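Comments concern the structure below.
The values are calculated or read from the model by the stated rules, or taken from the named source; none is laboratory data. Here the structure is a predicted model, which is why all the values come from computation and not from measurement. Heads up, the Cβs are rebuilt from the backbone with ideal geometry, glycines too, and the neighbour counts pull from every protein chain shown.
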Amino acid sequence: METLGESAALALALLRSGDAALWSTVARSLAVSGSATALACALGIPLGAWLAVARFVGRGAVVTVLNALLAVPSVVVGLGVVLLLSRSGPLGFLGWLFSFQAMVLAQTLLVLPVVVGLTRQAVEQAERQHGEQLRALGAGTGWRALLLAWDERHALAMVALVAFGRAIAEVGAVMVVGGNIEGYTRVMTTAIALETSKGDLPMAIALGLVLLSVVLALHAAAALLQRWRQRDAGALLEGHG
């Protein structure tokens, strides 16, 4: 068994050599989480923006349920998707269980409450500042949601980054619905868990370094977006001045 130093050196060698198994796992992980984030944003941003400006009976209960869904464990989401996609389930005819599509569906459902909840908060704050003016101009619920969402586009870009980070770092849902099949449904987090349990520390360390790099890149992008947002807000204030 290698020492920690030897394992780290072998991990760096794997990264430098362009190991096919390692980088195919990385590419698959990025594809699954990227697809899930795109779907969650396509569904969740309009829904969250509408929920921020709409007023209806039971809205408080909807928001409470939405906030509760943020804490649902990923393995529970994976179990729900398995029940949907199993042969006896309502979506069993799709034949998606233990497939790329199943992992995308699981991660979409996992991060959708994150997208809806954070979008609602961002647009709701904008609604408190500009909603009365838009209502005075005759803008209905749909138009207010659209205009305020566009006004908060930098914040919503950060929402997408948060959702992607949540998706790519989770292990439970994709493990349950994908089966961790080598070369087919294995992603970075499930591969790290498997390789560590097997004692193959170089591969686990290499994948861990890539995953850590992705997370750091997301944080850097979020910081850059925040800086742009502050710069635009400062320019707007100077314009009014």
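Being in a loop (DSSP other than H, G, I, E, B), at pLDDT below 90 and either surrounded by fewer than 22 Cβ atoms within 10 Å (Cβ to Cβ) or not small (G, A, S) (or both) is the requirement here; does E238 meet it?
In short, no.
Within the set of pairs 6+ apart or on separate chains, which have a first residue in segment 35-56 that is among the aromatic types (F, W, Y), a second that is assigned to a helix (DSSP H, G or I), and C-beta atoms under 6 Å apart?
Sorted first by the residue in segment 35-56, then by its partner, the pairs are W50/A145.
May I ask you to verify whether V32 is surrounded by 14 or more Cβ atoms within 10 Å (Cβ to Cβ) and either among the aliphatic types (A, V, I, L, M) or part of a helix (DSSP H, G or I) (or both)?
Spelling it out, V32 is indeed surrounded by 14 or more Cβ atoms within 10 Å (Cβ to Cβ) and either among the aliphatic types (A, V, I, L, M) or part of a helix (DSSP H, G or I) (or both).
Considering V77, V162, which residue is buried (at least 23 other Cβ atoms within 10 Å of the Cβ), of a type outside the set (D, E) and more than 15 Å from S29 (Cβ to Cβ)?
None of the others qualify; the one that does is V77.
Where residues in segment 12-35 are under 25 Å from the mean Cα position of the chain (by Cα) and aliphatic (A, V, I, L, M), which of them is farthest from V111 (Cα to Cα)?
Residue satisfying both the conditions and the ranking: A21.
Being acidic (D, E) and either closer than 28 Å to I168 by Cβ or at pLDDT 90 or above (or both) narrows it down to one residue among E127, E152; which is it?
Answer to the check: E152.
Which of (1) part of a helix (DSSP H, G or I); (2) more than 26 Å from W23 (Cβ to Cβ); (3) not aromatic (F, W, Y) is the odd one out, the single condition E195 does not satisfy?
The one condition E195 does not meet is (2).
Tell me whether segment 175-183 contains one or more residues that are modelled with pLDDT of 90 or more, in contact with a Leu (Cβ under 8 Å, 6 or more places away or on another chain), small (G, A, S) and not in a loop (DSSP other than H, G, I, E, B).
No, because not a single residue in segment 175-183 is modelled with pLDDT of 90 or more, in contact with a Leu (Cβ under 8 Å, 6 or more places away or on another chain), small (G, A, S) and not in a loop (DSSP other than H, G, I, E, B).
Between G183, G179, G172, which is of a type outside the set (S, T, N, Q), more than 28 Å from S17 (Cα to Cα) and either surrounded by 20 or more Cβ atoms within 10 Å (Cβ to Cβ) or out of contact with any strand residue (DSSP E or B) (no Cβ under 8 Å at 6 or more places or on another chain) (or both)?
G172
All but one of (1) of a type in the set (A, V, I, L, M, F, W, C); (2) within 20 Å of the chain's Cα centre (by Cα); (3) in a helix (DSSP H, G or I); (4) surrounded by fewer than 13 Cβ atoms within 10 Å (Cβ to Cβ) hold for A71; which doesn't?
Exception for A71: condition (3).
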